[in-house]
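Here the structure comes first, spelled out in structure tokens, and everything after it is commentary.
The values are calculated or read from the model by the stated rules, or taken from the named source; none is laboratory data. Since the model is a prediction, treat every value here as computed from it, not as a measurement. So basically every Cβ, Gly included, is an ideal-geometry build from the backbone, and we count neighbours across all protein chains shown. We work out accessible area using only protein heavy atoms, side chains counted, and drop any ligands, DNA or RNA first. Shrake-Rupley method; radii C 1.70, N 1.55, O 1.52, S 1.80 Å.
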Amino acid sequence: MVLIETTGLADPGPVVQTFFTDEAVKSNFYLDAIVTMVDAKHILFHLPSSSSTTEPSSTSPSSTTEATQQIAFADRVLLNKTDLVTEAEQVELTRRIREINAYAVVIPCTFGRVDLGRVLGIKGFDLGRVLEREPGLVDDLGEDHEHEHEEDKSRHHDSLVTSVGIRLPGALDLTLLNAWVAQLLKTRGADIYRMKGVLNVHGEDDRFVFQGVHMMFDGQQDRAWHPDEDRTNRIVFIGRNLDREALVEAFKKCIVAES
Ligand SMILES: Nc1nc2c(ncn2[C@@H]2O[C@H](COP(=O)(O)OP(=O)(O)OP(=O)(O)O)[C@@H](O)[C@H]2O)c(=O)[nH]1
């Protein structure tokens with residue numbers, strides 16, 4: 001096992017991509033998970049202060065992007081130094097972290113003490129486990145809350161990093177889907193940090209699972225849908241300037257029309 005500790009200012013994107021593009025690395029290692037350590041006492045100085053602004057809450061513009069990106073890429077976020085903040089501050093910090101990355105599991109701790117089982121053996125990039133666990137993401141950001149998002153359009157048109165989870169019933173036309181994803185990665189790849197999905201492709205008995213990191217896309221047929229399983233398509237984006245409505249609209253156009 002190799003643990004890579006990057007510098008505090010590292011962009012995780014290229015590090016992740018190495019595991020998928022470098023043949024020597026790819027054939028000898030797999031990427032298990034990205035664990036981001038957040039300093040509860042100081043993180044707010046490095047994040048945009050609210051959903052409506054891109055400015056950091058203090059004068060640390062140099063590290064704003066990095067702090068946000070490191071949270072956005074994470075499979076696990078260790079919220080450290082919780083002894084130095086109040087309970088209310090911890091709740092607010094957790095909310096901010098989940099606003100950026102609704103998919104990561106946030107683990108509060110002090111002095112970095114966590115059960116290793118919670119940060120190792122995660123298989124966060126394993127296609128076989130894509131969206132195996134959706135901690136509230138789809139419920140929080142799915143169709144039931146469409147109205148709330150309608151009212152809060154600014155959130156999806158600013159340059160914040162957010163998570164967008166979409167659930168859509170129906171069978172997908174693979175050709176249309178491929179065209180959409182190719183176009184999306186070409187035009188928005190730099191802004192999409194991570195994406196994952198479980199899809200119901202028209203005429204297929206198996207689930208189609210995929211994940212992406214920036215322009216890099218990896219997908220495969222998965223196990224067969226169970227007879228009584230809900231075949232709803234589920235897709236998750238974590239990225240910058242995500243326009244939920246536009247993503248939903250484009251995704252809907254890939255659904256095969258019912259005859
Ligand atoms: N009160 C409190 N102090 C902590 C905690 N974790 C670390 N510290 C202290 O914070 C100080 C600075 O440590 P860190 O913020 O972890 O520094 P670091 O990020 O490891 O430093 P670099 O890796 O060099 O960037 C040290 O004196 C630690 O003992 C914690 O949970 N609570």
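A few notes on this one:
- Residue that is farthest from the ligand (Cβ to nearest atom), among those in the stretch 27-39 that are in contact (Cβ under 8 Å) with a residue 60 or more places away in the chain and assigned to a loop (DSSP other than H, G, I, E, B): Tyr30
- When residues of the stretch 21-46 are limited to those that are in contact with a Phe, Trp or Tyr (Cβ under 8 Å, 6 or more places away or on another chain) and open to solvent by less than 50 Å² (accessible area, probe 1.4 Å), the one nearest to Tyr193 (Cα to Cα): Ile34
- Residues (hydrophobic (A, V, I, L, M, F, W, C) and either in a loop (DSSP other than H, G, I, E, B) or in contact with a helix residue (DSSP H, G or I) (Cβ under 8 Å, 6 or more places away or on another chain) (or both)) located in the stretch 211-233: Val213, Met215, Met216, Phe217, Trp225
- Of the residues making up the stretch 138-161, one or more are out of contact with any His (no Cβ under 7 Å at 6 or more places or on another chain), at pLDDT 90 or above and not in a helix (DSSP H, G or I).
- Qualifying residue in the stretch 68-79 (condition: assigned to a loop (DSSP other than H, G, I, E, B), modelled with pLDDT under 80 and away from the ligand (no atom under 15 Å from the Cβ)): no
- Put simply, of His202, His226 the only residue that is surrounded by fewer than 13 Cβ atoms within 10 Å (Cβ to Cβ) and not hydrophobic (A, V, I, L, M, F, W, C) is His226.
- Every pair of residues 6+ apart whose Cβ atoms lie under 9 Å, when the first sits in the stretch 1-18 and is closer than 19 Å to Ile122 by Cα and open to solvent by 60 Å² or more (accessible area, probe 1.4 Å) while the second is charged (D, E, K, R) and part of a loop (DSSP other than H, G, I, E, B): Met1/Asp32
- When the stretch 80-110 is filtered for residues that are more than 13 Å from the ligand (Cβ to nearest atom), in a strand (DSSP E or B) and over 24 Å from Asn241 (Cβ atoms), only Val105 remains.
- Residue within the stretch 177-187 that is in contact with a strand residue (DSSP E or B) (Cβ under 8 Å, 6 or more places away or on another chain), open to solvent by less than 30 Å² (accessible area, probe 1.4 Å) and part of a strand (DSSP E or B) present: no
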